[in-house]
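Take a look at the structure below.
Readers should treat all values here as calculations from the given coordinates under stated rules, not as data from a laboratory. Keep in mind that this is a model prediction, so the values were computed, not measured. For neighbour counting, all protein chains shown are included, and Cβ atoms are generated from backbone atoms with ideal geometry for every residue, glycine included.
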Amino acid sequence: ELGKEIVKNREYLEIKPIDRSGSKRFGLRGERVLDRVHHGIEQHLPPLMRAHVGPYAEDREQAVALFLDWTKQLAKTRMLDILSIGSSQLTQSHFGEDWTGLSNGGGVPINNPAEYREVWEAARPMLVRTYAGTKHVPEMAKMHEEALDICWHALSFWWFSLLDGRGENTVLQNLEEHFEALRYIASTDKAMEPNVPHQFAFRGCDDVGYIVSGYVAAKAAKAQGIRTLILQIMLNTPKYTWGIQDIAKARALRTLIGELEGPDFAVILQPRGGLDYFSSDLEKARAQLAAVTMLMDDIEPDNPASPQIIHVVSYSEGVRLADPEVVEESVQITRHALKEYRRLKKKGDMPEYGKSAMVEARTRSLLKEAKSMIKFIEATIPNTYSPRGFYSMLRSGVFPLPWLIACKDEFEAAVNQPVQFLHGGVHVVDREGKPLSVSQRLFGIARNLEDIGFAPSIAHSADSSWLASGSGGGQKEQYGEKH
């Protein structure tokens, strides 16, 4: 209801662009997103605004020309800080190749480095980024660095492969390429965004698996030399998730990854609305955008500088791709909603949902469960933070994926774990629909690791004491063990 009130009278249209020109190397080649973040914090500015933009047309060159026009328009008005190129599937999967006879899945069809250079020029002074390739990932990362001066890279590790039909790589091959790409990205000192937890959530992964997947991706990035991590958290995923569960899940992941922070590893929080959250009714979608923005402010309610970046999902996405006018209006709604929510909380006219006992209790529970799983995989899987380590996590059922469509035989242990929505969250359940704790699932995962030859015998693992806790002898019968 508050979202409706915030957008009803269109006060958000008074929101003006922000002058960020005092940031180090502003708009110049080699600028770092962390510099803009630090400048914003020092000057008490609103979060940086990022949005996807990517028109589609049957004629490739016409689509690219239109995108360049849109980019220039967005650069001129300066409402958007970070341009995320909504590139076509063919750009990601067949860059630089002959596309004759190939079907394009929408998005702007860029197909050579020269076009990326044109985008960078047209975008001044916005920061610019794009999707990773689905094959030759390290080579594509290098091209994005040289042609686009990409402000940060995004890697999906397991995903955008045969696992979801978005690429030609096997999962293990994909992981090997992504780890190699991590090392290259680290050599450029650019930031990296794990495009990971919500990919698992799309396929039915439980809340604990969501958190663990994000944590292990971040820890692997740090181990490969990445110094700045963009932590994207997709709220409303699945869309039936309750607000308190969303806040708790996001906070638990942010807290865990915060334990990795130090002088050589910075984490930038970037929440966003869910892909299938927005209504086809545009007025309702405007209100939903305002509502999810307010939810973002409760992830770290005691930190006035959080979030540092907001990935603005344009309100028209439930109906059509957003043009510059819709993108800018969406940014205005987002900034106005954040400002109003903070004003109301400061006045005492709005409950502190982010500090509620339910949120705090759920956060503690998720942290405890996620830490148990992380402790287990680090003790049981050799070379945990490696391509083979990541592959074994998926193969053994660490991440339940009951809605997975492709590679179901290869990842049987992940597919054969049912989940249910309980109290607004996603939980792994047994055959009777009762929630299973992490400790109740570990025996089955350990047996699966043994079966596929990715782990030593349980009896010889570094610490198998917690395997005996939880459900006792009945553990062998629980879901998660591959039969």
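Observations on the structure shown:
- Fewest-first sequence of ASP35, ASP409, ASP206, ASP297 by Cβ atoms within 10 Å of each Cβ: ASP409, ASP35, ASP297, ASP206
- For peptides 260-271, 434-445, sequence by mean Cβ density within 10 Å, most packed first: 434-445, 260-271
- Candidate cross-link partners of LYS284 among the aspartates and glutamates, defined by an alpha-carbon separation under 17 Å and a same-chain spacing of 8 or more, comprise GLU1, GLU5, GLU11, ASP276, GLU317, GLU329.
- Every helix of 4 or more DSSP H residues in the chain counts as -39500 (n - 2.57), and over all residues that averages to -13500 deg cm²/dmol at 222 nm.
- Its alpha carbons give segment 1-148 an Rg and a Dmax of 17.3, 52 Å.
- Sorted by Cβ neighbour density within 10 Å, fewest at the top, the residues TRP403, TRP120: TRP403, TRP120
- Taking PHE179, PHE200, PHE390 and counting other C-beta atoms within 10 Å, the order from fewest to most: PHE179, PHE200, PHE390
- Legend: distances between Cα atoms for LYS219/LYS371; LYS222/LYS375; LYS135/LYS249; pairs beyond 20 Å are LYS135/LYS249.
- Kirkwood Rh (inverse of mean 1/r, distinct Cα pairs), the chain, angstrom: 23.1
- Number of Lys pairs (Cα under 28 Å; 8 or more positions apart or on different chains) in segment 1-91: 8
- Note that segment 75-86 has calculated 3J(HN,Hα) couplings of 5, 5, 7, 6, 7, 9, 9, 10, 8, 9, 6, x Hz, one per residue in order, obtained from phi through the Karplus relation 6.51 cos²θ - 1.76 cosθ + 1.60 (θ = phi - 60°); glycine and proline are x.
- For segment 112-121, 3J(HN,Hα) computed residue by residue from phi via the Karplus equation (6.51, -1.76, 1.60; θ = phi - 60°) reads 7, x, 4, 5, 5, 5, 5, 4, 4, 5 Hz, glycine and proline entered as x.
- For a straight C-alpha distance cut-off of 15 angstrom, the aspartates and glutamates reachable from LYS345 (same-chain residues fewer than eight places away being disregarded) are ASP297, ASP298, GLU300, ASP302.
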